[in-house]
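Enquirer: Take a look at this one; I'll ask things after.
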């Protein structure tokens, strides 16, 4: 996984251009006006001026397009093409049919020009562009004297990162330049081809030199006459290895602690490096510190050294050992040994013993390299660990009926011990049980359906994992929400609230709708629904009770059956029977008249009424709004710059304008909504997949997912007002606006078929043509017969067949990395 968790693999918005008989994907073209704006003061841009496209240039354009995302993180506008057949730019648009140069601009000045054969792929483009941008910061040396001059200049204030690169434009060159861009203000980066320069370090030139890197410790050198010690990176020059190496250089040479090795918290311990523990006592402390520092220098960048003060009562290590080590990785154990010499320890880490152990671990993981899935990874990591269900009660054939028929509610997780998703949900279930351990209202339990097949068969469990609520005298209720800890916790707590809550007076109705707490768990729901009936003898009473039980755990429902209910209905311009819906934070009330034909119809009506007319889109509620099948009119708002204010909602004017517009009938055919990148970071990935970059916020985007996947961007220079938005939408409808991007209908296949979780979700949705019921046996699940129970809709797995709408596949995966 990357160091910045990516939310998804987003598609870059691509257009196609026809050039003679050759059709190639091309990057976004600049108009004459946008070309001038691109070359504004302080802006850095990498531009290609094109005329006709040859096969070679077509390959270059593909690589140029791929480099856009990489260089965008460094503030460089890239992959913008000037079409010389439409715009004639002096000096750059020549009479040649095929132009073979790209230009790096800072403002309107050219920093450097590159032949397309030089920037031949993504690595070469990123490496050369960053090298040109950092030309004044990154030095190049060819002689010892040049390196010595740089050392004299930085001694006492900075360290040097020296990279030997025999060829430019390769992945190693890119990795070094990306590191220089991040760490260039802290360290002096120097490039060399090798030769005599390395003799100053005492490094012999190998017969076939390759890319290498050294860290020269010059910052702590006290005198100009003293040399800079150096540490070599012994791993390949990849971005991750260089970043890890530089972070290790920032850690202490030796860390001292007065606790047992298992309790040591070392700065940088998250880095993939072993830890060496040396045990000391007061009588030999000075000598042991010298030994530790010597080993620290010998193993710098490879091993972290910790000196343990054995005199502390917190140290429980047996006295017969004076050293120990722990390899990187979760669950690795501490191994104790007796150290006789420094060379013995160096050989231990550079010889066969530790390397063989690390190699074995790598081999174990090798078979799962293609399974880039965190759920699978967590299951594989714990494959030899006995399943611990914590405070969750394990039910069997003998205890299931007795437990689920007790007076208090029971929430049961039906799972398979060998199923990756089941085990991940079990972890969330355990966390919920830990949170509620002092609450006796609801019990949490689980059933292993691989072991107790009779129980799961009798309960018609056909999808794994399944969570159900059992209450005395009521049919089981299947949980349909997100399977994370927060979603499960909210469901368990809300399931303890009466459904419906019987309200006996106008004051109670008003208190309920305004968010006053009628139950300790009431604050968990941001919406409240009150049913209005004329009396308890109304035929709708039983219908509403059934609907409230069906929606238990999802929202708070109250029922007011009284003569005064007619006054509530009259005040809100509806007729009985009716429902009132209020939403946090302002608890404004919406009223809807009802036709109480069946509880299923009422559930559907309530679920639709709970949808906001101008919702904030989140990962959790996205499926509900996608089911409406309307084009999304999405307003993207920016996160606050400071973490403490990340939940502040900027641009209230923009939201207010769109909310007022949503309240009219002008947007009936669209779904106006908004997403805040501070509260839902996945929105950034969505915006990037739409436009190929993140524009200045707020940004309004129209996404027509179900009709070709076209994306339209509201002109950023226009004021975001109701009238301007309406006029823009009408121009889009008349095809007078050009799409800003496309969401391509591309397959999103899993690495291995049996980890196709989206397909599993689709199969569990109602209406799936090939529903099958698994027949459970002790060791496997076999398919047999039609499945009725599997048709329940999961709120976290929406009632949408993603296989039929590839663009929705894209949207759901982008929001769910």
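Read the figures in this text as sums done on the coordinates, not as results from a lab. Quantities reported herein were computed from a predicted structural model and do not represent experimental measurements. A quick note on method: Cβ atoms are made from the backbone with ideal geometry, for glycine too, and the neighbour counts reach across all protein chains shown.
Enquirer: Given R₀ = 51 Å, FRET efficiency for residue 287-residue 111 by Cβ-Cβ distance, to 0.05? Write out the running numbers ahead of the final one.
Expert: On the way: r = 56 Å, r/R0 = 1.10.
The pair residue 287/residue 111 has a calculated efficiency of 0.35.
Enquirer: I've got another one for you. When the distances between all Cα atoms of region 622-742 are binned every 10 Å from zero, what whole-number percent does each bin get?
Expert: Taking all Cα pairs of region 622-742, the binned fractions are 13, 47, 35, 5, 0 percent.
Enquirer: Could I ask something else about it? Taking the simple approach of a point 7 Å from Cα along Cα-to-Cβ for both residue 94 and residue 597, what is their distance in nm?
Expert: 7.5
Enquirer: Moving on to the next point. May I ask you to sort 62, 717, 736 by Cβ crowding, counting other Cβ atoms within 10 Å and putting the fewest first? Can you show the working numbers first?
Expert: Details: 62 17, 717 6, 736 9.
Final ranking by Cβ density, sparse to dense: 717, 736, 62.
Enquirer: Counting pairwise Cα distances across region 501-609, what percent come out greater than 16 angstrom?
Expert: 53
Enquirer: Which order do the peptides 123-130, 306-313 come out in when sorted by mean C-beta neighbours inside 10 angstrom, highest first? Each step should come with its number before you reach the end.
Expert: Numbers: 123-130: 24.1, 306-313: 17.2.
Packing proxy ranking, top to bottom: 123-130, 306-313.
Enquirer: Give the span of region 139-247's Cα atoms along each principal axis, as three whole-Å numbers ordered largest to smallest.
Expert: 37, 30, 21
Enquirer: Arranged by the count of other C-beta atoms within 10 angstrom, fewest first, what order do 320, 205 take?
Expert: Final ranking by Cβ density, sparse to dense: 320, 205.
Enquirer: Okay, moving on. Hey, with R₀ at 30 Å, roughly what FRET efficiency would residue 297 and residue 143 work out to, going by the Cβ-Cβ distance, to 0.05?
Expert: For R0 = 30 Å, the calculated efficiency reads 0.60.
Enquirer: Still on this structure: Based on other C-beta atoms within 10 Å, arrange 65, 600 from fewest to most.
Expert: 600, 65
Enquirer: While we're on this one: Sort 471-480, 33-42, 493-502 by the packing proxy (mean of other Cβ within 10 Å over each peptide's residues), most packed first.
Expert: 493-502, 471-480, 33-42
Enquirer: I would also like to ask the following. At R0 = 22 Å, how high is the FRET efficiency between residue 502 and residue 620 if r is their beta carbon distance? Nearest 0.05 is fine.
Expert: On the way: r = 29 Å, r/R0 = 1.34.
Taking R0 as 22 Å, the efficiency between residue 502 and residue 620 is 0.15.
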